[in-house]
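Trainee: Pasting a structure below so you can have a look.
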Amino acid sequence: MYKNIRNVAKTVYGPGSFNQLDEILSEKRQHATDFMVFIVDNYFKGKELETRIPVSGQDMLFFIDVDPHEPTTQQVDDLRDEILQTKGLPAGVIGIGGGSIMDIAKAVSLMLTNEGSSQRYQGLNLIKKPGVYHVGVPTISGTGAEVSTTAVLTGPEKKLGLKCEWTVFDQIVLDPTLTATVPRNQWFYTGMDTYIHCIESMTGHLKNAYSEAYGYKALELCREVYLGANSGQNPETDEKLMVASLFGGLSLTYSEVGICHALSYGLSYVFGTRHCYANCIIFNQLEDFYPEGVREFKEMVAKHNIYLPQNLSQNWTEEQIEKMVDVSMALNHMWSHAIGPDWKQKISRSQVRELFERM
Ligand code: NAD
Ligand code: ZN
């Protein structure tokens, strides 16, 4: 069976396009009681962007600090409960921020109409009903969360997305000027997520002409951003990286991620290491699997003077390493894409352990 994927219904792209958000939302404000919920990265509190968020009437505005931890099921449940208890069902949910905020917005939209805790829905097609209208406005480029079919949450038992066709945003607003203030290290880590998405989606059993077409273009854009004559953070590269993120997301949607992501989920689960940073630490050690990708990645690391820690595993306990191996090896679809459906015959538990010990 081939994947039958729902894409984002509407996309507006271009510098300054954030100014169209008010008009876009006005179509959804049909009755006097209709209200919107804005979920915004706390970074923007008190910044100029705050004054441009089209909040009106009965709308709710939440500023969320994403730094303490990646999005959790508890956080999404609490937000959903607060919205329903204070005002009832909103006409729309708008997430303005990086991958963390976009995932929270997608998950809240779904949980407003699905009963119980979001924990119950971590997995593929477990959600029962469509969520409310939801809009994504990325303010960092790289995760592809703006286009993906999943909202990744960490729950008490696992880190896994609410993955179904209703997770996908109804509308995205891609305004590259919103990314101008991203700190340099973060710009690198998150941008590398898209680079790694493409290398992994294009190296494995599920690769196909569709995923490769998006992947090649996204890789070309990443090279211009991180290695080209005008590389670095500037208006031109901000535009390119925003499109690379989108295309990287589309590439992996029609293929799959691979070994770096499988290991990354283990590292994030045990230590709470943030996704994009975890990927960079891991990818740095995966020459055996992705030789050309890792060579080029190291060139980008050197060019932008990015520090990536090594020898971390020296301080890890036996129990922590075993847990990481468990979490990682449970991601059958990633290993199967990277190595083959018979991956369990080709890579042993001790080899996966050894990959963690390289870090
Ligand atoms: P993030 O949302 O975690 O934010 C990282 C940091 O950047 C935060 O400190 C934030 O406040 C700051 N920030 C955001 N925008 C800024 C701006 N314009 N200026 C200054 N600072 C800004 O970053 P991310 O790397 O985009 O997202 C990582 C999350 O995305 C993880 O939780 C990961 O699990 C998730 N993810 C989801 C998918 C998906 O398909 N749903 C894919 C990959 C990653
Ligand atoms: Zn990723």
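Bear in mind these aren't lab numbers, they're just calculated from the coordinates by the rules spelled out. Keep in mind that this is a model prediction, so the values were computed, not measured. Ideal geometry is used to build each Cβ from the backbone, glycine not excepted, and the neighbour counts take in all protein chains shown.
Trainee: For a quick check of your reading of the filter: which GluC sites (Glu not before Pro) in the range 233-307 sit in a DSSP loop and have no more than 16 other Cβ atoms within 10 Å?
Mentor: Sites meeting the loop and neighbour criteria: GLU287.
Trainee: Another question, then. Distance in nm between label sites at GLU157 and ASP342, each 7 Å beyond Cα in the beta-carbon direction?
Mentor: Going from the GLU157 label point to the ASP342 one covers 3.3 nm.
Trainee: If you project the alpha carbons of the range 10-179 onto the principal axes, what extent comes out on each, in Å, largest first?
Mentor: Ordered largest first, the range 10-179 gives principal extents of 40, 37, 28 Å.
Trainee: So, how do all the Cα-to-Cα distances of the chain break down into 20 Å bins, in percent, from 0 on up?
Mentor: 31, 59, 10, 0
Trainee: With a 10 Å radius around each residue's Cβ, average the other Cβ atoms per peptide and rank 168-177, 210-219, 117-126, 102-111, highest first.
Mentor: 102-111, 168-177, 210-219, 117-126
Trainee: Let me ask something else about it. What number, rounded to the nearest 500 deg cm²/dmol, is the helix-based mean residue ellipticity at 222 nm of the chain, given -39500 (n - 2.57) per DSSP H run of at least four residues and division by all its residues?
Mentor: So the calculated ellipticity at 222 nm is -14000 deg cm²/dmol.
Trainee: Another question, if that's okay. Springs between alpha-carbon atoms under 10 Å, Gaussian network over the chain: tell me which of ILE24, ILE127, ILE199 tops the mean-square fluctuations.
Mentor: Between ILE24, ILE127, ILE199, it is ILE24 that shows the largest mean-square fluctuation.
Trainee: Quick one: Karplus J couplings for the range 314-319, per residue in order, coefficients 6.51, -1.76, 1.60, θ = phi - 60°, nearest Hz, x for Gly and Pro?
Mentor: For the range 314-319, the Karplus-derived couplings read 4, 9, 8, 7, 4, 5 Hz, x marking Gly and Pro.
Trainee: Kirkwood Rh and Cα-based Rg: tell me the resulting Rg over Rh for the range 184-357, rounded to two decimals.
Mentor: Dividing the radius of gyration by the Kirkwood radius yields 0.97.
Trainee: Additional query: Please compute the Kirkwood hydrodynamic radius over the range 100-182, one decimal place, Å, based on all pairs of different Cα atoms.
Mentor: 13.0 Å
Trainee: A follow-up question, please. Whole Å is fine, so just give me how far the alpha carbon centre of the range 93-122 lies from that of the range 25-69.
Mentor: Distance between centres, Cα-based: 15 Å.
Trainee: In the Gaussian network model of the chain, springs joining C-alpha atoms below 10 Å, which of GLY340, GLY249, GLY57 carries the largest mean-square fluctuation?
Mentor: GLY57
Trainee: Can you compute the modelled spin-label distance between ASP326 and SER231, with each label point 7 Å from Cα toward Cβ, in nm?
Mentor: Taking the two extended label points, one gets 4.1 nm.
Trainee: Report the charge-dipole magnitude of the range 171-252 in Debye, nearest 20, computed about the Cα centre from +1 at each Lys and Arg Cβ and -1 at each Asp and Glu Cβ.
Mentor: Roughly 140 debye for the range 171-252.
Trainee: Same structure, new question: Quick check for you: which residues of the range 66-83 have the amide N under 20 Å from the point 7 Å beyond the Cα of SER117 toward its beta carbon?
Mentor: Backbone N within reach: 69-83.
Trainee: Now for a different question. Explain nothing, just the number: relative contact order of the chain, from Cα pairs under 8 Å at least 6 residues apart, as a whole percent.
Mentor: Normalised by residue count, the contact order of the chain is 15 percent.
Trainee: Kindly work out what percent of the DSSP beta bridges joining two residues of the chain are antiparallel, to the nearest 5.
Mentor: So the antiparallel bridges in the chain amount to around 15 percent.
Trainee: Kindly flag which residue pairs out of LYS128/LYS323; LYS106/LYS163; LYS28/LYS106; LYS129/LYS163; LYS163/LYS344; LYS240/LYS303 have an alpha-carbon separation exceeding 20 Å in this structure.
Mentor: LYS128/LYS323; LYS163/LYS344
Trainee: Each residue of the range 148-160 in turn: what ³J(HN,Hα) in whole Hz from Karplus with 6.51, -1.76, 1.60 and θ = phi - 60°, glycine and Pro shown as x?
Mentor: My calculation for the range 148-160 gives 7, 9, 9, 10, 6, 10, 9, x, x, 9, 7, 9, 7 Hz in order.
Trainee: Post the alpha-carbon centroid distance, the range 167-192 to the range 244-289, in whole angstrom.
Mentor: Comparing the Cα centres of the range 167-192 and the range 244-289, I get a distance of 17 Å.
Trainee: Here is a follow-up. How large is the dipole of the chain about the Cα centre if only Lys and Arg carry +1 and Asp and Glu carry -1, each at its Cβ, rounded to the nearest 20 debye?
Mentor: Dipole about the Cα centre, nearest 20: 540 debye.
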